[in-house]
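What follows is a single structure, written as structure tokens, with notes after it.
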């Protein structure tokens, strides 16, 4: 199974934890400005996804059972494209390096 992890600069970041194998990463650009960072990862086992609020450094460990899951990385990317497209607005997904924390 595959999941999409999201980080929004200045708001929160999602960290890779044991049980996830990152495959691809993308920056989401809205009118040329980076608004989010996405990682498509293989879920190797049930785990807790670490989400850290940027300003307060509050840590939330979210069980992977609450994430939407996809049968393939291609299905995850299709969903990500759907989620980041808004009619004629200037949006783009740009392939990025995988950030290990």
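Answer with yes or no whether residue 63 is surrounded by 14 or more Cβ atoms within 10 Å (Cβ to Cβ) and in contact with a strand residue (DSSP E or B) (Cβ under 6 Å, 6 or more places away or on another chain). The answer is no for residue 63. Report yes if some residue within the range 25-34 is in contact with a helix residue (DSSP H, G or I) (Cβ under 6 Å, 6 or more places away or on another chain) and either outside any loop (DSSP other than H, G, I, E, B) or surrounded by 14 or more Cβ atoms within 10 Å (Cβ to Cβ) (or both); otherwise report no. Scanning the range 25-34, I find no residue that is in contact with a helix residue (DSSP H, G or I) (Cβ under 6 Å, 6 or more places away or on another chain) and either outside any loop (DSSP other than H, G, I, E, B) or surrounded by 14 or more Cβ atoms within 10 Å (Cβ to Cβ) (or both), so the answer is no. Residue 77 passes every criterion in (1) more than 13 Å from residue 7 (Cβ to Cβ); (2) at pLDDT below 95; (3) surrounded by 13 or more Cβ atoms within 10 Å (Cβ to Cβ) apart from (2). Of the set (1) touching a helix residue (DSSP H, G or I) at 6+ places or on another chain (Cβ under 9 Å); (2) surrounded by 13 or more Cβ atoms within 10 Å (Cβ to Cβ); (3) more than 22 Å from residue 94 (Cα to Cα), all apply to residue 51 but (1).
Of the residues making up the range 7-16, those that are touching a strand residue (DSSP E or B) at 6+ places or on another chain (Cβ under 9 Å) and farther than 14 Å from residue 98 by Cβ are 8, 9, 11, 12. The condition of being in a helix (DSSP H, G or I) and in contact (Cβ under 8 Å) with a residue 60 or more places away in the chain holds for only one of 75, 100, that being 75.
Within the option set 51, 39, 3, being in a strand (DSSP E or B), touching a residue at least 24 places away in the same chain (Cβ under 8 Å), over 18 Å from residue 96 (Cβ atoms) and within 13 Å of the chain's Cα centre (by Cα) holds for one residue only, 51.
Residues in the range 13-22 that are under 21 Å from residue 81 (Cα atoms) and either in a loop (DSSP other than H, G, I, E, B) or under 11 Å from the mean Cα position of the chain (by Cα) (or both): 13, 14, 22. Scanning the range 80-97 for residues that are without any contact (Cβ under 8 Å) to a residue 24 or more places away in the chain and more than 14 Å from residue 6 (Cα to Cα) yields 82, 85, 86, 87, 88. Every test in (1) without any contact (Cβ under 8 Å) to a residue 40 or more places away in the chain; (2) out of contact with any helix residue (DSSP H, G or I) (no Cβ under 7 Å at 6 or more places or on another chain) is passed by residue 46 save one, and that test is (2).
The values are calculated or read from the model by the stated rules, or taken from the named source; none is laboratory data. Being a predicted model, the structure only gives us computed values, none of them experimental. Methodologically, a virtual Cβ is constructed for each residue, glycine included, from the backbone with ideal geometry; neighbour enumeration extends over all protein chains shown.
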